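The values are calculated or read from the model by the stated rules, or taken from the named source; none is laboratory data. Since the model is a prediction, treat every value here as computed from it, not as a measurement. Here Cβ is always computed from backbone atoms with ideal geometry, including for glycine, and neighbour counts include all displayed protein chains.
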Amino acid sequence: MRQFQFTYQDEESLRSELTKIRQWCNSSVISHIVFQLFTETLDEEMILDICDEITRALPEAEYFGCSSNGNIISGAFSELDVGIICTVFEYPSTKMELMQYALTAETESAVIEDFLQELDKKPWVTAIELLTTIRGMSMTTFCEGLQRARPDIQIFGGGAFSFDLYDNRACVFSKAGGMSESGVVFWLLGGEDFHVTSTFIAGWKPLGKTFHVTMSDGNILYELDNEPAYEVYSKYLNIRNNEHFFYNSLEFPFLYQHNGIDILRAPTASNPDGSLTMTSDIEEDVPARLAYGDPWTILESVQTDGRVIKNFNPEVIQIFSCAARRTFWGNTEVSKESLPFQNIAPTSGFYTSGEFLRTNGFLNQHNVTMVIAAMREGTAASKRTGELEIDQSGFSGKVSLINRLASYINAAFDELEQAAITDGLTKLHNRSEIQRRIDERLATGEPMTLLMLDIDNFKHVNDTYGHQEGDTVLTGLASMLRCGIYENNDDADAGRWGGEEFMLLLPFDLSYAKLAAADILRDFNAMNFPKAGHQTLSIGVTEAVKGESLDGLLVRVDQALYKAKHGGKNRYEVL
């Protein structure tokens, strides 16, 4: 496999490049010649003129391509409008075919059925690259239909776009199918000597609080936490619901779990009713968080997944990277995440309106993601690749600013979230949080015992030694719980119930809880406070009964504590 990459400058330079390719092909053994064209311009006449030149120079060659938000040539962002990649296959056993369909919301089911029928006739296919128009469609039906292809077939590709993010126009084209503003091109590849591997890189990290999808319908996201979905962007990012919404929100997609992996999903529009239009369906009753780009995480992912690609020993690498990533990095730094792959093999691609990759049998449409496909002919042992070189030098401009602001926001939010569930004095859970955890454990039906603790004669401590010494006694007990039973059991929880009362949840049966209660009484009595000296506790102990309500359980443990108090204190009672 041999690849030639160049950019279109003018007709004369194009003819010169095509002559070089023809001369190389005439002196070599080849099986197929395929040109891929990625173009920022939507000038149909210009695109067709380039395709005509290719056909005149190399009549046997196939070509296909799409409009883009920018191109990747030799691993780097290209400053010119049209990128041209010519791949020459050398093994006679390698097979390929191009198929093109008109694709709309009305035709997508019929397209998938026809395509799958044709695919069944081609058992040699091991990989499918797709280029498709997306804007104005939900791609869920398309993805769910196409993933019915044989499980051994890898599927990857990208959505056509425009250089102007506000321009909904896009196109795909091929030698056989011509140019279409609503279409999909499939490049089928296979053969016993053809090999491919694929992966994806995100690098976007969760930002701020977790939201709950409370209302959605297909690709329309109506509500998060029972509020209009747009309010998330308004409240937390000050993004207005106007014609600039798509551009301003592009770098802050939602992060959520779908088909077993983390998916980034960016809205394409904010509607007058506060709902958001997404490029694929989003389910109800799932958690979702806003996400932001973290440059260090991105480059760490490039390093990790780059080793996988390197060990595959490819001859060519294709990248389908979201336009949001180009917007995030800026033209001067966007090559940081793609250029390292050029050291492994010739790397090309384009900036997309959406990325497609089959993972664990599911075909997912991604946003704000970089999908990577690596190919070779022949065995890995016969190929030799270079080393990854990651440029982790300082980041400039908004990349650095966004990263620092996001770190600050996450740290501040974590502090606020922790404060909302934590008792300010003892740093244990507050009453509402420990009660929520008890209820959550109760719902599982797993073993659980409660210990309700009350410091004996605590009013006397406050009245005699002052409230500061009283606080010392309270924090002393809390520290003992944290450093003892509480931290030695991952599923144990402790909280301040109110005043001098504490609640301890233990994931064990009654026999262990009795031992724990005895240890707590002994250890607390052994503590010697500066003014109050030695103090005692009373403890109520009870075990949850299957099917019992939360109220019933809390009443019983409170009654057990009452029994311990009125039985002489400094003791535990079981009920």
Quick test for you: out of 82, 88, 111, 125, pick the one residue that is more than 30 Å from residue 2 (Cβ to Cβ), assigned by TED's automatic domain parsing to the domain that holds residue 370 and aliphatic (A, V, I, L, M). 111
Do any strands (runs of 3 or more DSSP E) entirely within segment 477-575 hold 2 or more residues that are among the hydroxyl-bearing types (Ser, Thr, Tyr) and at pLDDT 95 or above, and if so, which? 537-543
Here is a list: 128, 84, 155. Which entry is part of a strand (DSSP E or B), of a type in the set (A, V, I, L, M) and touching a Lys or Arg at 6+ places or on another chain (Cβ under 8 Å)? 155
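Kindly indicate which of 27, 31 is under 30 Å from residue 386 (Cβ atoms), modelled with pLDDT of 95 or more and not hydrophobic (A, V, I, L, M, F, W, C).
Of 27, 31, the one residue that is under 30 Å from residue 386 (Cβ atoms), modelled with pLDDT of 95 or more and not hydrophobic (A, V, I, L, M, F, W, C) is 31.
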Residue satisfying all of: in segment 331-348; of a type in the set (D, E, K, R) and farther than 10 Å from residue 389 by Cα; surrounded by the most Cβ atoms within 10 Å (Cβ to Cβ) among these: 337
Since residue 12 meets every condition but one in (1) loosely packed, with under 14 Cβ neighbours inside 10 Å; (2) in contact (Cβ under 8 Å) with a residue 12 or more places away in the chain, which condition does it not meet? (2)
Which pairs do you get when a residue that is over 17 Å from residue 79 (Cβ atoms) and touching a residue at least 24 places away in the same chain (Cβ under 8 Å), found in segment 338-359, comes within reach of a residue that is β-branched (Val, Ile, Thr) and part of a loop (DSSP other than H, G, I, E, B), reach meaning Cβ atoms under 7 angstrom, with the pair 6+ apart or on two chains? 340/390; 344/385; 345/385; 353/134; 354/134; 354/279; 355/369
So residue 231, is it touching a helix residue (DSSP H, G or I) at 6+ places or on another chain (Cβ under 7 Å) and either surrounded by fewer than 22 Cβ atoms within 10 Å (Cβ to Cβ) or in the same structural domain as residue 129 (by TED's automatic domain parsing) (or both): no
Mind checking which residues of segment 444-458 are farther than 18 Å from residue 512 by Cα and in contact with a helix residue (DSSP H, G or I) (Cβ under 9 Å, 6 or more places away or on another chain)? 454, 455, 456, 458
Please work out which residue is farthest from residue 125 (Cα to Cα), limiting yourself to segment 153-192 and to residues that are surrounded by 18 or more Cβ atoms within 10 Å (Cβ to Cβ) and out of contact with any Leu (no Cβ under 9 Å at 6 or more places or on another chain). 161
Please go through segment 269-289 and give me each residue that is surrounded by fewer than 23 Cβ atoms within 10 Å (Cβ to Cβ) and at negative phi, ordered by number. 269, 271, 272, 273, 275, 277, 281, 283, 284, 286, 287, 289
List pairs: first residue in segment 15-36 and closer than 13 Å to residue 87 by Cα, second residue in a helix (DSSP H, G or I) and modelled with pLDDT of 95 or more anywhere in the structure, Cβ distance under 8 angstrom, at least six positions apart or on different chains. 18/53; 18/54; 18/57; 21/57; 22/57; 33/21; 33/25; 35/54
Run residue 463 past the list (1) touching a Ser or Thr at 6+ places or on another chain (Cβ under 9 Å); (2) surrounded by fewer than 12 Cβ atoms within 10 Å (Cβ to Cβ); (3) acidic (Asp, Glu) and report the number of the one that doesn't hold. (1)
